[in-house]
1. If I filter the range 66-124 down to residues being among the polar types (S, T, N, Q) and in a loop (DSSP other than H, G, I, E, B), which single residue comes out as nearest to the chain's Cα centre (by Cα)?
2. Under 6 Å between Cβ atoms, at least 6 apart or on separate chains: pull out the pairs that start in the range 266-279 with a residue that is at pLDDT 90 or above and end on any residue that is assigned to a strand (DSSP E or B).
3. In the range 139-165, what residues are part of a strand (DSSP E or B), of a type in the set (D, E, K, R) and touching a residue at least 60 places away in the same chain (Cβ under 8 Å)?
4. Answer yes or no as to whether P101 is within 17 Å of A50 (Cβ to Cβ), touching a Ser or Thr at 6+ places or on another chain (Cβ under 8 Å) and crowded, with 19+ Cβ neighbours inside 10 Å.
5. Report, ordered by the first and then the second residue, all pairs with beta carbons closer than 7 Å, sequence separation of six or more or different chains, a first member in the range 35-61 that is modelled with pLDDT under 95 and open to solvent by 60 Å² or more (accessible area, probe 1.4 Å), and a second member that is of a type in the set (D, E) and not in a loop (DSSP other than H, G, I, E, B).
6. Search the range 1-54 for residues being of a type in the set (D, E) and outside any helix (DSSP H, G or I), and hand back the single one that is nearest to the chain's Cα centre (by Cα).
7. Mind checking which residues of the range 333-373 are open to solvent by less than 50 Å² (accessible area, probe 1.4 Å), at pLDDT 80 or above and over 20 Å from D210 (Cβ atoms)?
8. Looking only at the range 134-154, decide whether some residue is of a type outside the set (A, V, I, L, M), out of contact with any Cys (no Cβ under 8 Å at 6 or more places or on another chain), modelled with pLDDT of 95 or more and more than 25 Å from N220 (Cβ to Cβ).
Amino acid sequence: MDFKFDEADQTFRSEVRRFLADELTDELKAKARKTTTVFADKDVAMRWQAILLRKGWAVPSWPAEHGGTNWSPTQKYIFAEECALAGTPGLIPLGLRMLAPVLFRYGTPEQKRYYLPRMLSGEHYWCQGYSEPGSGSDLSSLQTRADKDGDDYIVNGTKIWTTHAQFADHIFCLVRTQTGGKPQAGITFLLIDMATPGITVQPIVTIAGDHEVNQVFFENVRVPQANRVGPEHEGWTVAKYLLEFERGGGGAGARLKIALDELRAIAARQLDGTGAPLASDPSYASRMDALEIRIMALEFAELATLARLSTGGSPGPESSLQKNTSVDIGQTLETLLLEAIDYYALPHANLISLNGHNEQWPGPDYAEIVTARYLNGRAASIFGGAKEVQKNIVAKMVLGL
């Protein structure tokens, strides 16, 4: 594949830059820069989604008839890279990038007509009901049940680590509709309105101090059978397809490249024990250089995925490789940042107490959120399928072992 940027691509890049310069406000950039969690704050993300929607650029990977852009893989890459350079908020992927491809492939015409426009406009805000206590990486052991009652299912059980469930008005959910046989059998994929009686959301505050995840309880929740996506008892196939989009093809390379540039800038300002810039330390510099090589390789892999998506394909099992690689690079970056900012890596609350009456962040701006991002980033090895699960997928589906 030839991913060279021709004159048309450069013209497109200029168009994207003009748009970002005109529409991306300083306030949105500042809020995006202070984000310490996986997803941007809901209000920030939805404001940016509305701006992109007016331009027609909110969902580049959707089919054109549903609001997509018909961009080439290179244009999609350029757009992702320029957004990273400009510091845009990330759009919430749960509906736009994860559920939408499932509906394109498995949804009924009625489901597409109803859910896709509301997802795109922001009227519906989705969360994901996959993991359960005791059924995280071993997702096929889930126990939340859905029993038929007339034209409905009655759902009972619980989901955990549900990101942004405190904001969501809808949840796509895996439930068990049949027992016996292989654990993957008998699972069904349902779309559930969070306003349905019997649903309770309980917050979980992380070690980083963020309220990002939750536990969701279902007690005799009535869900129309018309809200089932795909055949009954075959939700495992639907779930695996969705996970390909959760794990890969999201432009992580461009974001990591910008993060590495920021790390290099910080390392050039921070002094080591000898009074020299940390960036001049050969050991530290070599670790940054090694990350740069790995990010370049990840970018080429993502471009190949974009090319496959542009022809109607899915990310495939290679998404597991991309997920593990991007997580490892991100966590290494966060570790190097902690080393670079030295004692400012102490949690914010401790720095305030050490600083006495001063309740303002006492250090440089670039160090303020490093620790929170580091702590939050530890979960990346687990969500979307633990690192070990991804390795098993690669061994079976890519290497044929």
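The values are calculated or read from the model by the stated rules, or taken from the named source; none is laboratory data. Note that the structure is predicted; figures quoted are calculated from it, not measured. Cβ atoms come from the backbone with ideal geometry, glycine included; neighbour counts cover every protein chain shown. Just the protein is used for accessible areas: all its heavy atoms, side chains included, with ligands, DNA and RNA removed. Shrake-Rupley method; radii C 1.70, N 1.55, O 1.52, S 1.80 Å.
1. Step one: filter the range 66-124 for residues among the polar types (S, T, N, Q), giving 69-70, 72, 74-75, 88, 108, 111, 121.
Right, trim to in a loop (DSSP other than H, G, I, E, B) and you get 69-70, 72, 88, 108.
Details: T69: 21, N70: 23, S72: 22, T88: 15, T108: 26 Å.
So the residue we want is T88.
2. Taking only residues 6 or more apart or on different chains, the pairs are A268/P277.
3. Just the residues of the range 139-165 that are part of a strand (DSSP E or B), to begin with: 145-149, 152-160.
Now drop any that are not of a type in the set (D, E, K, R), which leaves 145, 147-149, 152, 159.
Result: K148, D149, D152.
4. On the way: within 17 Å of A50 (Cβ to Cβ): no; touching a Ser or Thr at 6+ places or on another chain (Cβ under 8 Å): yes; crowded, with 19+ Cβ neighbours inside 10 Å: yes.
So P101 does not fit the description; no.
5. These pairs meet every condition: V38/E212.
6. Going through the range 1-54, the residues of a type in the set (D, E) turn out to be 2, 6-7, 9, 15, 22-23, 26-27, 41, 43.
This time we only want the ones that are outside any helix (DSSP H, G or I), so: 2, 6, 41.
On the way: D2: 28, D6: 30, D41: 13 Å.
By that ranking, first place goes to D41.
7. Selection gives L336, A340.
8. no
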